[in-house]
Amino acid sequence: MAKLVINGGNRLYGCVDVQGAKNAVLPLFAASILTNEKVTIKNVPDLIDVENMAKILRSLGASVVKNGKNVEIHADNLKSSEISHALAKELRSSIFILGPMLGRLKQAKVAYPGGCDIGLRPIDIHLKAFREMNVKIVERSGYIYCDASNMISGDIMLDYPSVGATENIMLAAATIKGKTTIMNAAREPEIVDLQNFLAAMGASVKGAGTPFIEIEGTDKFKSVEYTAMADRIVTGTFAIAVAICGGEIMLNGCKGEHIQSLLSKLAKTSCNIKQYDDKIEIASKNHREAIEYIETQPYPGFPTDLQAQIMALQAVSEGVSIITENIFENRFKHVCELIKMGAAIRIKGRNAIIKGVDRLSGAEVSAQDLRGGAALVLAGLNAIGTTIVNDIYHIDRGYERIEDLLKKLGADIRRI
Ligand code: UD1
């Protein structure tokens, strides 16, 4: 099993071209089966999750061809309307494919994606919305059987602004004549990317980025070439890396407005930040001050996907910080590992209380999930001595060879 070996203490200098966003690309892959024309998605990151989504599309009968960062998807001849347990268990986002399957094939049998490493992650909001759209759903033996032959448009009020449910409803509604309105929709930038993609394919979608999204469906989807947005979580991870290590870097191809909740906190406590149209310059101050209170929230609040990484920064900042995780109930698994490295952290329910130390110390630790794994790498960059991070397949699900980028910036890190 591959590991990362890090000798901490180096400052970071240079430029990073931020990879395409996994969480934007996965719904775009799902959307590509809406048309029998060829679709080209550009800026696709080379990640296991993306490869797993390609496998799912191929199992339905689509052709998926990768050419560097471009992926061509051609779903002119779909043969199956079933996603097996073996495929669904590899990728939580397999659930996104349900919406477009219902739209295109009018039926689906999809294995329940089940729980995962950061919490229960139920799909009740997705299914409630589909039922309101007149989809007949039976849940039996770990599978969801759907009949969408009489699917209709309408007003859908979400009980919670779920990212995945918002995307799934958009994908199904894009195929139905008439107007569907999603109220209390999630506002994440990846949803705006999906809106732009669907609009380029010929559906009429507006309002993404606000709590009200309106979709007028079509049955004439066009061929499209589309460049996916940059990954805001990867952007945020590198911004935090500079705050932890010191130095000065330029993050290219990304938008500061997508991680404003992070940048405004870093600017107050540890970094000087200049934002341009499509790049961000971050220089560390000589001092790291604790951020008193951080609470994860749906966008534009502080992202749960940066909670572990900001905790690594708080572990080495002067003062006490309280981090509250509101989105997922099991997202503090990195804490035990950070404590092994000398961090002073207590967990009380959904709150982590962190008393900063000046430097952590190198230790052998294990990634427990994707973002928690990234946090351990950041902690290792600060630590005195050598840190070994095991189980880095979690990190590889979301970061394209994180060590290559960090090494280019001057970190002492290698994969063995
Ligand atoms: C997406 C992201 C994930 C990110 C998360 C929060 C993708 C592929 N994944 O996940 O990386 O961490 O947003 O920004 O884009 N919930 C329900 N019932 C449902 C759906 C959700 O109770 O049917 C709950 C979840 O358990 C969680 C909360 O709602 O507590 C948010 O989930 P949601 O926004 O749906 O996140 P995901 O789409 O799973």
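Scan the stretch 6-56 for residues that are away from the ligand (no atom under 16 Å from the Cβ), under 26 Å from Asn390 (Cα atoms) and open to solvent by less than 10 Å² (accessible area, probe 1.4 Å) and report the count.
3
Report, by residue number, each residue of the stretch 329-376 that is hydrophobic (A, V, I, L, M, F, W, C), within 16 Å of the ligand (Cβ to nearest atom) and open to solvent by 10 Å² or more (accessible area, probe 1.4 Å).
Answer for the stretch 329-376, where residues must be hydrophobic (A, V, I, L, M, F, W, C), within 16 Å of the ligand (Cβ to nearest atom) and open to solvent by 10 Å² or more (accessible area, probe 1.4 Å): Phe332, Leu370.
Output the residues belonging to the stretch 62-81 that are in a loop (DSSP other than H, G, I, E, B) and touching a helix residue (DSSP H, G or I) at 6+ places or on another chain (Cβ under 9 Å).
Residues satisfying the conditions are Ala62, Ala75, Leu78, Lys79, Ser80, Ser81.
Can you name the helices (runs of 4 or more DSSP H) wholly within the stretch 200-319 that have at least 1 residues being touching a residue at least 12 places away in the same chain (Cβ under 8 Å) and surrounded by fewer than 20 Cβ atoms within 10 Å (Cβ to Cβ)?
Of the helices (runs of 4 or more DSSP H) lying wholly inside the stretch 200-319, those with at least 1 residues that are touching a residue at least 12 places away in the same chain (Cβ under 8 Å) and surrounded by fewer than 20 Cβ atoms within 10 Å (Cβ to Cβ) span 260-269.
Any idea which of (1) under 26 Å from Ile322 (Cβ atoms); (2) assigned to a helix (DSSP H, G or I) is the one Gly342 doesn't satisfy?
The single condition Gly342 does not satisfy is (2).
What's the total number of residues in the stretch 169-198 that are under 21 Å from Glu37 (Cα atoms), part of a helix (DSSP H, G or I) and open to solvent by less than 20 Å² (accessible area, probe 1.4 Å)?
The qualifying residues number 8.
Within the stretch 390-416, track down each residue that is in a loop (DSSP other than H, G, I, E, B) and either open to solvent by 60 Å² or more (accessible area, probe 1.4 Å) or of a type outside the set (D, E, K, R) (or both).
Ile392, Arg397, Gly398, Tyr399, Arg401, Leu409, Gly410, Ala411, Ile416
Of Lys348, Lys355, Lys408, which residue is free of Cβ contacts under 8 Å to residues at least 12 places away in the same chain and not assigned by TED's automatic domain parsing to the domain that holds Glu90?
Lys348
Has the stretch 294-306 got any residue that is more than 16 Å from the ligand (Cβ to nearest atom) and either over 22 Å from Val5 (Cβ atoms) or not aliphatic (A, V, I, L, M) (or both)?
Checked the stretch 294-306: no residue is more than 16 Å from the ligand (Cβ to nearest atom) and either over 22 Å from Val5 (Cβ atoms) or not aliphatic (A, V, I, L, M) (or both).
Going residue by residue through the stretch 57-75, is there one that turns out to be open to solvent by 30 Å² or more (accessible area, probe 1.4 Å), at pLDDT below 95, under 27 Å from Ile402 (Cβ atoms) and aliphatic (A, V, I, L, M)?
Taking every residue of the stretch 57-75 in turn, none turns out to be open to solvent by 30 Å² or more (accessible area, probe 1.4 Å), at pLDDT below 95, under 27 Å from Ile402 (Cβ atoms) and aliphatic (A, V, I, L, M).
The values are calculated or read from the model by the stated rules, or taken from the named source; none is laboratory data. All values derive from a computational prediction rather than experimental measurement. Backbone-built Cβ (ideal geometry, glycine too); neighbour counts: all protein chains shown. Keep in mind that these areas ignore ligands, DNA and RNA; they rest on the heavy atoms of the full protein, side chains included. Shrake-Rupley method; radii C 1.70, N 1.55, O 1.52, S 1.80 Å.
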